[in-house]
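Peer 1: Take a look at the following structure, please.
The values are calculated or read from the model by the stated rules, or taken from the named source; none is laboratory data. Not measured: the values here are computed from a predicted model. No Cβ is skipped: glycine too gets one built from the backbone with ideal geometry, and neighbour counts run over all protein chains shown. SASA here: full protein model, heavy atoms, side chains in, ligands and nucleic acids out. Shrake-Rupley method; radii C 1.70, N 1.55, O 1.52, S 1.80 Å.
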Amino acid sequence: MKLAVIPARGGSKRIPRKNIKPFCGKPIIAWSIAAAQDSGCFDRIIVSTDDDEIAAVARAEGAETPFIRPAALADDHAGTITVVAHAIQALEMQGGPVLEHVCCIYPTAPLLLPAFLREAYDRLVGTGKAFAFGVAGYGHPIQRALRLGSDGIVSMIEPGCAMVRSQDLVPAFHDAGQFCCGTRDAFLAGVSPLSSGTSIAVVLPRSRVVDIDTPEDWDLAEALHRALGLKGP
């Protein structure tokens with residue numbers, strides 16, 4: 001059985017009620033639910049939340065809310081792997097079928113395409129890795145990163161790269177913050193997807209990636225969404 005878990009707690013602070021805030025005409029979580037539905041990858045799509053309003057919105061969009069997440073797993077320090085592991089255990093305790101693969105889809109990923117999820121699942125199964133997740137390339141070589149002193153003076157973090165041509169520097173990538181598919185056992189064992197050798201990457205175009213943490217991020221994501229001509233779920 002293949003399961004999608006969308007973790008959506010109610011206590012977001014930088015953008016209050018972020019997980020159900022309207023985004024281009026729909027609660028933002030609706031876009032993640034729709035991507036999961038349209039991918040055709042999953043037997044069940046559930047939302048793990050501690051919040052009754054979020055649960056109601058999730059059900060209205062076609063997801064399941066078979067349990068309420070404990071408060072201890074809904075604070076600022078609860079890790080994604082732990083939350084997904086709890087969801088797996090909760091469903092199995094309810095007597096559901098044995099899970100094989102689980103995909104964590106973040107509730108604030110309105111640029112996520114169903115094709116990305118299908119590719120992740122295919123790569124996960126095809127490679128036998130513990131995880132497959134989306135990454136995006138940095139727009140500028142990270143080896144040229146700068147630090148600013150308290151007096152505003154600039155210095156390079158990697159001074160040895162100052163005179164190296166950008167095309168000769170190793171490309172660097174970051175977690176796209178959209179999804180992470182993995183095996184049931186890897187989630188339950190608490191394995192980190194960032195551990196060396198455990199994961200395979202799905203490289204996403206930068207135009208499809210915005211990590212929405214601040215109001216500025218939100219505005220950028222909506223502008224990209226409209227520019228890409230995306231339609232409602």
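Peer 1: Taking the condition open to solvent by less than 90 Å² (accessible area, probe 1.4 Å), part of a helix (DSSP H, G or I) and of a type in the set (S, T, N, Q), does SER207 pass?
Peer 2: Considered against the rule, which asks whether it is open to solvent by less than 90 Å² (accessible area, probe 1.4 Å), part of a helix (DSSP H, G or I) and of a type in the set (S, T, N, Q), SER207 comes out as yes.
Peer 1: Now a separate question. Taking the condition of being in contact with a Ser or Thr (Cβ under 7 Å, 6 or more places away or on another chain) and either at pLDDT below 95 or of a type in the set (A, V, I, L, M, F, W, C) (or both), how many residues in the range 106-140 meet it?
Peer 2: Here the count works out to 7.
Peer 1: Output the qualifying pairs, or none if there are none: Cβ atoms under 6 angstrom, residues six or more apart or on different chains, first residue in the range 1-29 and closer than 30 Å to PRO97 by Cβ, second residue surrounded by 15 or more Cβ atoms within 10 Å (Cβ to Cβ) and at pLDDT below 95.
Peer 2: MET1/LEU99; LEU3/LEU99; ARG9/ALA74
Peer 1: Say whether the condition of being in contact with a strand residue (DSSP E or B) (Cβ under 6 Å, 6 or more places away or on another chain), charged (D, E, K, R), touching a residue at least 40 places away in the same chain (Cβ under 8 Å) and over 17 Å from ILE46 (Cα atoms) is met by at least one residue in the range 102-121.
Peer 2: Yes - at least one qualifying residue is present in the range 102-121.
Peer 1: Follow-up question, since we're still on this one. Give the residues of the range 1-56 that are among the charged types (D, E, K, R) and assigned to a helix (DSSP H, G or I), sorted by residue number.
Peer 2: Once the filter is applied, which keeps residues that are among the charged types (D, E, K, R) and assigned to a helix (DSSP H, G or I), the range 1-56 yields LYS18, ASP38, ASP52, GLU53.
Peer 1: Only residues that are open to solvent by less than 50 Å² (accessible area, probe 1.4 Å) and part of a loop (DSSP other than H, G, I, E, B): list them for the range 105-157, please.
Peer 2: Answer for the range 105-157, where residues must be open to solvent by less than 50 Å² (accessible area, probe 1.4 Å) and part of a loop (DSSP other than H, G, I, E, B): PRO107, THR108, ALA109, PRO110, LEU111, LEU112, ALA130, PRO141, ALA145, GLY149, GLY152.
Peer 1: Something else: If you take the residues of the range 73-104 that are part of a helix (DSSP H, G or I) and of a type in the set (S, T, N, Q), which of them is nearest to the chain's Cα centre (by Cα)? Give the steps one after another, and end with the answer.
Peer 2: Here is the first cut: in the range 73-104, the residues part of a helix (DSSP H, G or I) are 73, 80-93.
Okay, now just the ones that are also of a type in the set (S, T, N, Q), so 80, 82, 89.
Details: THR80: 9, THR82: 14, GLN89: 21 Å.
So, considering only residues that are part of a helix (DSSP H, G or I) and of a type in the set (S, T, N, Q), the one nearest to the chain's Cα centre (by Cα) is THR80.
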